[in-house]
Every structure is written in C-alpha cells, then in structure tokens.
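Have a look at the structure below, then the notes.
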Amino acid sequence: MLQRRIASFVRARITFAGALFIACYVAAGLYTELRLIEGKPLPQMLLEDFAHYERALKDALSGIGAYAVREIGPGFLYPPPSLFLVEAFQFASQTALKAALYWTLNVSLLTLVVLAVVRRFDGTPVQHGYWLALSLAFAPFLELLHIGQINVITLFGIALVFLYQDRSAVLTGLGLALAVITKLSPLVLAAYLLARKKFDAVMVCAALLAAALVLSALRYDASLLDYAATVRWLSEQFPLGNNSHSFVSKLRALGMPLRSDPYLAPLARVLINFRLAQPLLSVLPIALIVGASLLLLLRKGGAGEPAFAITVLGMALVPNVMWYHHYVFLLLPLLIWAGWRRFDWRVVAWCGIGLLIAQVDRFHLTHGLLVHLFGRLTMLVILYQQVMAVTPQLQPVSADS
C-alpha cells in the first residue's frame, strides 16, 4: 500500500513538472514570435519570404529568370523545380486565404511527421502529446509560418526517407527528391542511403530529380547553370549580426572582444575570419562526426537511427547562411534519437532543454551560439551511443568459446 502511494505521488509530481515545462515552453515560443512582430503590423511580414518566391515565379514565367535577383533575402535560392510548389498556391489570390492554406499545409505536415515517428517507436499517447507540443509551439516553426518559408515541406521529405527506407524504395526516393528540390543540403542523405545499401532508393531519387529538372526547364526556362552559379555565389556569403544564425557568425561575435588580448589575439583572428572558421571550425568537425557515424553504419550494419539523426543534425547546423527558422530541422533528428533510446527520460529531458534554449535564444542569451553548441554536443553523444551499440560486435571472439 505504501509503495503504491509513493509511486502515485511520484507520478503526480512528474506529470505536474511536465505540464509546467510545456506551459513555460509554449509561453517562451509565443513571446519570441511576438517579439518578432513587435512594432510591425502583421500584414507587413505575413508570408514575406513567400512573396519573394512569387516574384521569382513571375520573373521566370516572363522570361526575366528566377535567379535574376541575387541577394540574400529577396533572392530566390532554391532549386528550379521548387517553383512548382510556389505555383501551386497561385490560385489563391488573397493573402489571407493563401496564408490559411499555407498554415494548414505546414501544420498538417509537421503533425503527420511527429505522429508517424512516435508511432514508429511505439510511443504512448503522452509521448505523442509531448512531442506535438514541442514541435507545434517551437518558435522557429511559428516564425516559418509567419514569413512563409518552405522548410517543413523539406522536413516532410526527409521524414519519408526515414520512415520508408526499409519498406519502399519508391517512397524513400520520392521523399529524398522532395527534400532536395526544396533545399539542396538534404542531398547528403544519399550518402546515408548508400551506406545502408539502399541503391534502389537512390536511383529512384536520381530519376525523379532528373525529371523534375527537365520539367522545370520546360515550364520556367529555369537554367540549371543559373542555379549552379547562384549556389556558388551563396557559398561565398557570410551574413553577420544577431539575426544571422550560422555558426561562423556566432564565432565572429565571440572573437571580436578577444582581439585586444595579446594572448588570445591569434585565436581571435581565426574566429573572426569566417572564410577560415567555416571550413576549419564548422564543416570539418561536423563532417568528421557524420563520416564516423556513416562508417560505423557501413562497416557494422548497425542501427540506422543514430546515423540518420547525426546526418540530419549535421545538415541543419553546417550552412554558412542560416536563419532562425532553420532550427525547425532539429525537431526530426531529436525525435528519432529519443525514439531510438526508447524515450529514455534523460534523452527526452535533454532534448526538451535544448529546444527551450532555442525558444529564447532568438533575442536573448547568445543569439544562437548555445543552440549550435547544444546541437554539436548532441551529435557527439549520439555518436558515442552508436559506438557503444556496436561494441559487442567489435569484441574479439575468444579461442575457448
């Protein structure tokens, strides 16, 4: 009797703590979103980025070219086939209707992703609700809805790769193709599929991408060479300031005060030189972690979940041009990691704390540095757990056995 009372008391306290955390989390997300629109009428920023996509669509259809404007912000920086997704919303002439349809699509897609992944790991109704709250109240997602970004469509494609990699080469290839036509960086998942020997899925993806490129060239006269030139130009851009959330922009802010210190000046020169810091301090460490994870997957045929989570985390954190709404890509790998660990309370708590930091780090704390440190440390923790998972396979068999 006493043990049951103690267990009931502990469960009640855990439930209360969880509810309190979610309440604080939601409040922090709403606060950050309200700070974004502070002093600006809602219609001024409503689907602001999507309006740039529409301008590129009109330029493409009129013969000017989708990539005529080469500028961070107003410029169209996505692969040519993504114009089909933009054109799909053109039947809605009024901004309010377009926003309603856009929000419905994005909320539905993210909800489907969360429910499908939690179900994939036999999650409980409470776990479904917890991860839905973390995802739908995530401030980067709210900002994405507000300004009209397309990252959730990309995330949905990545989720299809994860969910169907062992069941359907067609749906896996379709998911990867959808992700790549909306954002080039998910192409790194082809390496993951090759490490898992999912050659059919990669071939399906390649065929779909080829078809999409041909159709976009016919429909929009969108040159692949123009897009390649835009990607090359984009790789040389390093936006700075608090609004930029690339790792090198955070390192530069960290290094600027150190320039006057005679002992730390050499380190400061590395930190503030973004052309040196990007390959040396951002790309190389992440590439080594992702490469090690894929090598373990390739050589030992271990679980794909940790390698997938690490690859997507690396994809999300490495770009030289990165904004706050890009943190929405953290949701899927963190959820996959938690599911792989059978929703261990320590992993779930770690993920919740990291996402809570992201909720407030837009305008306070470090303006993104803590989120990057959380993401990179998480990659190392997952890699360590992946190594431990294959350790029994690495042990030599004794002669007596």
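The values are calculated or read from the model by the stated rules, or taken from the named source; none is laboratory data. A quick note: this is a predicted structure, and the numbers were derived from the prediction, not measured. FYI the Cβ positions are ideal-geometry reconstructions off the backbone, even for glycines, and counts take in every protein chain you see. Side chains are part of the model used for accessible areas, which takes the heavy atoms of the whole protein and leaves out ligands, DNA and RNA. Shrake-Rupley method; radii C 1.70, N 1.55, O 1.52, S 1.80 Å.
Of the helices (runs of 4 or more DSSP H) entirely within region 297-369, those holding at least 1 residues that are of a type in the set (Phe, Trp, Tyr) and free of Cβ contacts under 8 Å to residues at least 60 places away in the same chain occupy 331-340, 345-360. The set of residues in region 241-261 that are outside any loop (DSSP other than H, G, I, E, B), within 28 Å of residue 381 (Cβ to Cβ) and open to solvent by less than 80 Å² (accessible area, probe 1.4 Å) comprises 247, 248, 249, 250, 251, 252, 253, 255.
Residues are listed down the side, and each one gets a yes or a no for (1) over 28 Å from the mean Cα position of the chain (by Cα); (2) hydrophobic (A, V, I, L, M, F, W, C); (3) modelled with pLDDT of 90 or more:
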{"residue": "11", "(1), (2), (3)": "yes, no, no"}
{"residue": "15", "(1), (2), (3)": "yes, no, no"}
{"residue": "23", "(1), (2), (3)": "no, yes, yes"}
{"residue": "29", "(1), (2), (3)": "no, no, yes"}
{"residue": "43", "(1), (2), (3)": "no, no, no"}
{"residue": "68", "(1), (2), (3)": "no, yes, no"}
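None of 209, 264 is without any contact (Cβ under 8 Å) to a residue 12 or more places away in the chain, open to solvent by less than 70 Å² (accessible area, probe 1.4 Å) and among the aliphatic types (A, V, I, L, M) except 264.
If you go through region 148-173 and keep only what is open to solvent by 10 Å² or more (accessible area, probe 1.4 Å) and among the aliphatic types (A, V, I, L, M), you end up with 150, 153, 160, 163, 169, 170, 171. Among the residues of region 271-290, those identified as free of Cβ contacts under 8 Å to residues at least 24 places away in the same chain, assigned to a helix (DSSP H, G or I) and either of a type in the set (Ser, Thr, Tyr) or surrounded by 14 or more Cβ atoms within 10 Å (Cβ to Cβ) (or both) are 271, 272. Please pick out the residue among 307, 268 that is farther than 18 Å from residue 361 by Cα and modelled with pLDDT under 90. Step by step, each of 307, 268 is checked, and only 268 is farther than 18 Å from residue 361 by Cα and modelled with pLDDT under 90. Scoring residue 254 on the criteria (1) within 22 Å of the chain's Cα centre (by Cα); (2) under 20 Å from residue 362 (Cβ atoms) leaves a single failure, condition (1). Every condition in (1) within 22 Å of residue 331 (Cβ to Cβ); (2) of a type outside the set (S, T, N, Q); (3) more than 20 Å from the chain's Cα centre (by Cα) holds for residue 89 except the one numbered (1). Within region 88-98, is even one residue closer than 30 Å to residue 339 by Cα and either charged (D, E, K, R) or in contact (Cβ under 8 Å) with a residue 12 or more places away in the chain (or both)? Looking for residues that are closer than 30 Å to residue 339 by Cα and either charged (D, E, K, R) or in contact (Cβ under 8 Å) with a residue 12 or more places away in the chain (or both), one finds none in region 88-98, hence no. Sub-7 Å Cβ pairs linking a first residue in region 232-247 that is closer than 20 Å to residue 285 by Cα and in contact (Cβ under 8 Å) with a residue 40 or more places away in the chain to a second residue that is among the aromatic types (Phe, Trp, Tyr) and open to solvent by 40 Å² or more (accessible area, probe 1.4 Å), at least 6 apart or interchain, are 238/274; 245/323, ordered by first then second residue. Here 135, 93 are screened, and the one residue that is surrounded by fewer than 17 Cβ atoms within 10 Å (Cβ to Cβ) and either among the polar types (S, T, N, Q) or touching a helix residue (DSSP H, G or I) at 6+ places or on another chain (Cβ under 6 Å) (or both) is 93. Restricted to region 182-204, and to residues there that are in a loop (DSSP other than H, G, I, E, B) and under 19 Å from the mean Cα position of the chain (by Cα), the residue that is farthest from residue 152 (Cα to Cα) is 184. When the helices (runs of 4 or more DSSP H) confined to region 83-181 are screened for residues that are over 23 Å from residue 36 (Cβ atoms), those reaching at least 3 such residues are found at 83-87, 95-120, 125-136, 151-164.
In region 79-86 there is no residue matching the filter, namely being without any contact (Cβ under 8 Å) to a residue 12 or more places away in the chain and surrounded by fewer than 21 Cβ atoms within 10 Å (Cβ to Cβ).
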